[in-house]
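**Q** The following block contains the structure, expressed as structure tokens.
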Amino acid sequence: MTKLYLAIPCYNEEEVLRDSAAKLAKKYSDMMAAGKISADSKIVFIDDGSKDRTWEIITQLHGENPVFQGIKLSRNRGHQNALLCGLMTLRNKADAVISIDADLQDDINVFDEMVEKYEAGCDVVYGVRSKRETDTFFKRFTAEAFYKILEKLGAKVIFNHADFRLMSKRALEAFSHYKETNIFLRGMVPLIGYKSDIVTYERSERLAGESKYPLKKMLALAWEGITSLSIQPIRLITWLGLIIFLISLIMIIYSIVRFFIGATVSGWASTLCSIWALGGLQLLAIGIIGEYIGKIYLESKRRPRFIVETFLED
Ligand code: UDP
Ligand code: MG
């Protein structure tokens, strides 16, 4: 039977925590009664340096019901770091860990399906939103555009998947070798490989309280996603530089011809040539330096170059 842990990052969630905990405990006892998960499965809250009563509530929950556990971070480090802390702390304790937000916008009834897929041999099971009706038009539009842009930039992301997913012990172990500090989990998990699958669900409204992801944090996350998964933006500079440099060649020929026809004021041809040629060359040079910086960047992440799935030996 699967020993299933939940990792739930919480930042100032005093308004939803009790409700969420009750729902999760009910779900867990149902799954345990049905023999789907083992009796020593746990629900773990990670307090990301909350300033309200969140930790107090977690401590109470832990006292009331041993299914609840808590991890407290020394200060607010943001959702991604809090989640990473949860996954890395729990990876040796569980067979599989599901990460989910404290506001239970993600459907806890797909836990069963996730566990079934895990038991059928999947190491990662992604929760994918089938509809975004409860999101505002703006959030839906920006989020979907973001996934598309990331894909264009060469990052492998699962469309409409946020951080609701199951990861097996083996996947978490592999993931622990990704030592980078700038993290964008949903873009990094697909890098691991192994067999994966998706489950779809409808995302609902936040139970209570307000979003801890205002536009500013969302944009920061999106930017983190792009810059930590792709060095394509640098390559765009190189291309731009090259194109402008080519245009400059045409401009140079053009102004020389104008010069010899005599249809110019003095100084025009040389000024025009230098503006275009120097501009293009500079951009190209920046792009080339950028290519090396991009390489240094990728090297500095020290990502594992391979992860062995199976070794048929003896
Ligand atoms: N969260 C966190 N640290 C932060 C901000 C958010 O741990 O600095 C948690 C938050 O408690 C919640 C999850 O991240 O469990 C997602 O936040 P939220 O539901 O507010 O985001 P939204 O669903 O609005 O995108
Ligand atoms: Mg939410």
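The values are calculated or read from the model by the stated rules, or taken from the named source; none is laboratory data. Please read all numbers here as calculations on a predicted model, not as lab measurements. Reconstructed Cβ throughout: ideal geometry from the backbone, glycine too, with neighbour counts over all protein chains shown. These area figures cover heavy atoms from the full protein model, side chains too; ligands, DNA and RNA do not enter into them. Shrake-Rupley method; radii C 1.70, N 1.55, O 1.52, S 1.80 Å.
**Q** Compute the normalised compactness of segment 224-280: alpha-carbon radius of gyration over 2.2 N^0.38 Å, N being the residue count.
**A** Against the compact-globule rule of thumb, the ratio is 1.63.
**Q** Under a point-charge model restricted to the Cβ atoms of Lys and Arg (+1) and Asp and Glu (-1), what is the dipole moment magnitude of segment 180-314 relative to its Cα centre, in debye to the nearest 20?
**A** 440 debye
**Q** Still on this structure, I have one more. Going highest first, how would you order 252-262, 46-56, 161-171, 273-283 by mean Cβ packing within 10 Å?
**A** The peptides rank, most packed first, as 161-171, 46-56, 273-283, 252-262.
**Q** Also, quick follow-up: Report ³J(HN,Hα) in whole Hz for each residue of segment 27-41, in order, from the Karplus equation J = 6.51 cos²θ - 1.76 cosθ + 1.60 where θ = phi - 60°; Gly and Pro get x.
**A** Values per residue, Gly and Pro as x: 4, 4, 5, 4, 5, 5, 4, 7, x, 8, 10, 6, 5, 9, 6 Hz.
**Q** Per residue and in cubic angstrom, what volume does the convex hull of the Cα atoms of segment 163-255 have?
**A** Spelled out: Cα convex hull of segment 163-255, divided by residues, is 208 Å³.
**Q** Let me ask something else about it. Let me check against my output: what whole-number percent is the relative contact order of the chain, with C-alpha pairs under 8 Å and at least 6 apart?
**A** It comes to 18 percent, rounded to a whole number.
**Q** Let me ask another. Residue-wise, which Karplus ³J(HN,Hα) couplings in Hz belong to segment 278-290, taking 6.51 cos²θ - 1.76 cosθ + 1.60, θ = phi - 60°, and x for glycine or proline?
**A** Once rounded to whole Hz, the list reads 5, x, x, 5, 5, 5, 4, 5, 4, x, 5, 4, x.
**Q** For helix 79-90, report the angle its Cα long axis makes with the longest principal axis of the Cα atoms of the chain; keep it between 0 and 90° and round to the nearest 10°.
**A** Taking the Cα atoms of the chain, the angle to 79-90 is about 50 degrees.
**Q** Here's another thing I want to ask about it. Skipping prolines and chain starts, which residues have an amide H placed within reach, meaning under 5 Å, of the one on Lys3, given they are 5 or more residues away or on another chain?
**A** Correct list: Ser38, Asp95, Ala96.
**Q** Moving on to the next point. Considering segment 31-146, what Rg and Dmax in Å follow from its alpha-carbon atoms?
**A** Considering segment 31-146 through its Cα atoms, Rg and Dmax are 16.1, 44 Å.
**Q** While we're on this one: Amide H neighbours of Gly70 under 5 Å, at least 5 residues apart or on other chains, H built in the peptide plane: list them.
**A** Phe45
**Q** I've got another one for you. Sorted from largest down, what three extents in whole angstroms do the Cα atoms of the chain have along their principal axes?
**A** Answer, in whole Å and largest first: 93, 58, 36 Å.
**Q** Between Glu210 and Arg235, 0.36 nm times their residue separation minus their Cα-Cα distance comes to what?
**A** Roughly 5.1 nm would be gained on extension.
**Q** Any idea what diffusion coefficient segment 96-192 gets from Stokes-Einstein, in µm²/s, Kirkwood Rh on alpha carbon pairs, 20 °C, 1.002 mPa s?
**A** For these conditions, the coefficient is 147 µm²/s.
**Q** How many nm is it between the label spots at Phe311 and Lys217, if each spot is 7 Å from the Cα in line with the beta carbon?
**A** Label at Phe311, label at Lys217, 4.2 nm between them.
**Q** Round to the nearest 10 and report in Å² the accessible area of Ile192, as given by a 1.4 Å probe over the protein chains' heavy atoms.
**A** So the heavy atoms of Ile192 present about 10 Å² to solvent.
**Q** Let me ask something else. Using the Karplus curve 6.51 cos²θ - 1.76 cosθ + 1.60 with θ = phi - 60°, work out ³J(HN,Hα) for each residue of segment 199-206 in order, rounded to whole Hz, and write x for Gly and Pro.
**A** 10, 9, 7, 9, 7, 9, 6, 4
**Q** Compute the relative contact order of segment 141-193 as a whole-number percentage, counting only Cα pairs closer than 8 Å that sit 6 or more residues apart in sequence.
**A** RCO, segment 141-193: 40 percent.
**Q** Report the residue, chosen from Gly86, Gly241, Gly187, that carries the largest GNM mean-square fluctuation when the chain is represented by alpha-carbon nodes joined by springs under 10 Å.
**A** Gly241
**Q** Once amide H atoms are placed 1.01 Å from N in the peptide plane, what residues at a sequence separation of 5 or more from Val128, or on another chain, have their amide H within under 5 Å of its amide H?
**A** Val199, Thr200, Tyr201
**Q** May I ask which residue of Ala263, Ile296, Tyr147 lies farthest towards the positive end of the charge dipole of the chain, with charges of +1 (Lys, Arg) and -1 (Asp, Glu) on Cβ and the Cα centre as origin?
**A** Value computed over the given set: Ala263.
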